[in-house]
Amino acid sequence: MDWGVRNRIARILQPQDGRTVMLAVDHGYFLGPTHRLEKPSATIAPLLPYADALMLTRGVLRTSVDPDTDTPMVLRVSGGTSVLQEDLSHETITTSVKEALRLNATAVALSIFIGAPHEHESIVNLAHLVNEAEEFGLPVLAVTAVGKELEKRDARYLSLACRIAAEHGARLVKTYYCEGFAKVAESCPVPVIIAGGPKLATDLDALEMTRDALEAGAVGVDMGRNIWQHDTPVPMIRAVRAIVHAKATVKEAAALLREKGKR
């Protein structure tokens, strides 16, 4: 692996433990002004100091992130559909590698939709992006998206999707946590990061999912709604960080969350 790629990945996966807490704020590219992400700058600013990397679109990066930050940016470069469509898999590459480099992105990300109507196009999009990004030492993160078909979130399906992403050259893969997740992580030859997914019922659910995923082989989380839709988002991201980087138990992280939430 070239030095440039290794250096950029090391900015996302912290060298001291090889883990990461990414903050996902790219939801607007197909969901529009999501609850509590209506004003991205207001949502991002207090959380940025606690994120190892930020996943976002070029529009939000340009308008809503302080350019003085040292936080690595993972730039979403796929899109082309909205939540109004039944089929969310009809995506294409919407942002060039040249633009990503101009914006000083540390990595680029796009979704692949395995088993969806536009599976072929999404995999070819990944391959083309890898071909171009590798010329410049820019890592590609592949998101194994499932659209609205959440029933696909099982180990057999996610193992298939993650392996296909890695086989086509993704340096990192983002996927969902599921029962039997160890099989997903073991069969993927590149680091696997779990998505937070929709807002879970309780804080403990999100913290337990984080712990369970790490124990099963994930290298971190790319969490959005379970952090910034929380009533106290800063304590929530600090609680997640405690599990990821300080090896805190769920009980310890929950105590930290309650303690910080009182301030």
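The values are calculated or read from the model by the stated rules, or taken from the named source; none is laboratory data. Remember, predicted model here, so these are calculated numbers, not experimental data. Quick reminder, even Gly has a Cβ in these numbers, built from the backbone with ideal geometry, and neighbours come from all protein chains shown. Side chains are part of the model used for accessible areas, which takes the heavy atoms of the whole protein and leaves out ligands, DNA and RNA. Shrake-Rupley method; radii C 1.70, N 1.55, O 1.52, S 1.80 Å.
Miscellaneous remarks
- Scoring ALA109 on the criteria (1) open to solvent by 50 Å² or more (accessible area, probe 1.4 Å); (2) touching a residue at least 60 places away in the same chain (Cβ under 8 Å) leaves a single failure, condition (1).
- Some residue of the range 25-37 being surrounded by fewer than 17 Cβ atoms within 10 Å (Cβ to Cβ), modelled with pLDDT of 95 or more and farther than 27 Å from GLY80 by Cβ: no
- Cβ pairs under 8 Å, 6+ apart, first in the range 37-63 and closer than 15 Å to GLY224 by Cβ, second loosely packed, with under 12 Cβ neighbours inside 10 Å and at pLDDT 95 or above: PRO40/THR63; LEU48/ASP66
- Output for the range 42-94, where each listed residue is part of a loop (DSSP other than H, G, I, E, B), of a type in the set (Val, Ile, Thr) and either open to solvent by less than 10 Å² (accessible area, probe 1.4 Å) or within 18 Å of PHE30 (Cα to Cα) (or both): THR57, VAL77, THR81, VAL83, THR94
- Every condition in (1) among the aliphatic types (A, V, I, L, M); (2) outside any strand (DSSP E or B); (3) surrounded by 14 or more Cβ atoms within 10 Å (Cβ to Cβ) is met by MET22 except one, and the failing one is (2).
- Qualifying positions in the range 198-210 - surrounded by 18 or more Cβ atoms within 10 Å (Cβ to Cβ) and not hydroxyl-bearing (Ser, Thr, Tyr): ASP203, ALA206, LEU207, MET209
- When residues of the range 135-167 are limited to those that are within 16 Å of SER78 (Cα to Cα) and not hydrophobic (A, V, I, L, M, F, W, C), the one modelled with the lowest pLDDT: GLY147
- Single residue of the range 191-230 satisfying the filter (touching a helix residue (DSSP H, G or I) at 6+ places or on another chain (Cβ under 6 Å) and of a type in the set (Val, Ile, Thr)) that is nearest to THR34 (Cα to Cα): ILE227
- Counted as qualifying within the range 192-263 are the helices (runs of 4 or more DSSP H) with 3 or more residues that are within 18 Å of the chain's Cα centre (by Cα), namely 203-215, 225-228, 233-246.
- Members of the range 219-242 found to be surrounded by fewer than 24 Cβ atoms within 10 Å (Cβ to Cβ) and either within 13 Å of ARG19 (Cβ to Cβ) or acidic (Asp, Glu) (or both), listed by number: VAL219, ASP231, ARG241, ALA242
- Residues of the range 177-197 that turn out to be surrounded by fewer than 16 Cβ atoms within 10 Å (Cβ to Cβ) and either among the hydrophobic types (A, V, I, L, M, F, W, C) or farther than 23 Å from ARG156 by Cβ (or both), as a count: 1
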